[in-house]
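Take a look at the structure set out below.
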Amino acid sequence: MKKALVCGAGGFIGSHLVKRLKKDGYWVRGVDLVYPEFSKSQADEFIKGDLRNISIVDICVDGVDEVYQLAADMGGADFIFTGENDSDIMHNSAMINLNIVDSMRRHNVKKVFYSSSACMYPQEHQLETDVPALTEDMAYPGNPDSEYGWEKLFSERLYLAYGKNYGFDVRIARFHNIFGPEGTYIGGREKAPAALCRKVIESKGEIMVYGDGKQTRSFLYIDECVDGVRRLMESECTEPLNIGSDEVISINDFAKMIIDISGKEVTIKNIEGPLGVRGRNSDNTLIKEKLGWCPTQKLEVGIEKTYDWINETLHTEARYIFESPDGGDTVYRRTINSLDREQIKWLQ
Ligand code: NAD
């Protein structure tokens, strides 16, 4: 039985990947600073530890065949694009990656998956709403619009350098906006799909959307993302690949799609706020060529499932708080702060 280490196994994509690896017959060790927020980890062994600490990394890497590296200090626009977290983002994520390659080399573990991001692409290819989709060869000369993107670019090169000098078998995916159930939807680190769903659920008639709403993105449902990761890992492809949807949509149209799903009467107010690039989409030519596969599920299908999950989770948590006002953990308390008193009364 193959043994896999999933770094960031308490996070959104990592916790889903653990489930998938278990289905695929792996023995799985997970590591993270936190346990998964919404369901128990399916890892055979879960180490709660800080990957900035090399002694912890050594314990985690020891004895595995493959490493899936998804741990990063990250979040949505409110976390990445305000500038306030830049030093943490660069220091923490770079240190995690430096520790992992060093430990893998010393433990003779050679196969690694690294989760990069579309945020590593140069900003000049993303200045308009209708820019051509990003192909992998647009990565250089490097000029990401965030320190988060620069760290991803550095770490891609770090893994590739270990491939060149120490024979690491490296797989790199550049994820484009992954979303789905059991992802963070409150607290400042949530990304646009989850944030929009929560805003619509909580709305009494109007939601705030950052920017003029014409900025474009594509969004990929978690199951397809995890499928892509496993296909990439099983392939012979050693060059970085986009794992993203090529169904591009403006943020306001995306918000309208979610409002339609909710069946509520909600209008959109565009306000100033932290924004990323103006337009971004995934070009899937290379992944089709290399893996004979690319994501195809329509955005509406995935966002409906995500909306239903957030709706149910928010209301269950609110009910729980009402029944046990002194109980609950941080997640519940954060959630209740975002619900107004009227809604809580209605839930009794
Ligand atoms: P996430 O924040 O849910 O998961 C990352 C996990 O890393 C968290 O659980 C966090 O606790 C853990 N972590 C952070 N610092 C750590 C440390 N020092 N030691 C141990 N664990 C630590 O994020 P996610 O959405 O699951 O993303 C997973 C990976 O994919 C990240 O590397 C992210 O940059 C990349 N990515 C995600 C997206 C997306 O849309 N979700 C897009 C592009 C790239």
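Return yes when residue 252 is touching a residue at least 24 places away in the same chain (Cβ under 8 Å), within 30 Å of residue 128 (Cα to Cα) and assigned to a strand (DSSP E or B) and no when it is not. It is false that residue 252 is touching a residue at least 24 places away in the same chain (Cβ under 8 Å), within 30 Å of residue 128 (Cα to Cα) and assigned to a strand (DSSP E or B). Within the set 22, 2, the sole residue that is in contact (Cβ under 8 Å) with a residue 60 or more places away in the chain and more than 13 Å from the ligand (Cβ to nearest atom) turns out to be 2.
Working only within segment 55-67, note down all residues that are crowded, with 18+ Cβ neighbours inside 10 Å and more than 10 Å from the ligand (Cβ to nearest atom).
61, 64, 66, 67
Count of segment 101-131 residues, restricted to those that are within 10 Å of the ligand (Cβ to nearest atom) and in a helix (DSSP H, G or I), is 3.
Of everything listed in (1) out of contact with any His (no Cβ under 9 Å at 6 or more places or on another chain); (2) part of a loop (DSSP other than H, G, I, E, B), the single unmet condition for residue 63 is (1).
For segment 284-296, check the following and say yes or no: at least one residue is of a type in the set (Asp, Glu), at pLDDT 95 or above, under 25 Å from residue 182 (Cβ atoms) and not in a strand (DSSP E or B). No, every residue in segment 284-296 fails to be of a type in the set (Asp, Glu), at pLDDT 95 or above, under 25 Å from residue 182 (Cβ atoms) and not in a strand (DSSP E or B). In segment 29-46, the residues that are closer than 21 Å to residue 314 by Cα form Cβ pairs under 7 Å with partners that are assigned to a strand (DSSP E or B) and near the ligand (Cβ under 9 Å from one of its atoms), at six or more places apart or across chains, as follows: 35/48. Whenever a residue of segment 67-83 is within 23 Å of residue 104 (Cα to Cα) and free of Cβ contacts under 8 Å to residues at least 40 places away in the same chain, its partners that are more than 9 Å from the ligand (Cβ to nearest atom) and not acidic (Asp, Glu), lying with C-beta atoms within less than 7 angstrom and at least six residues away or across chains, give the pairs 73/89.
The values are calculated or read from the model by the stated rules, or taken from the named source; none is laboratory data. Predicted model only: the values in this text are computed from it and were never measured. Because the Cβ atoms are built from the backbone with ideal geometry, glycine has one as well, and the counts that use them run over all protein chains shown.
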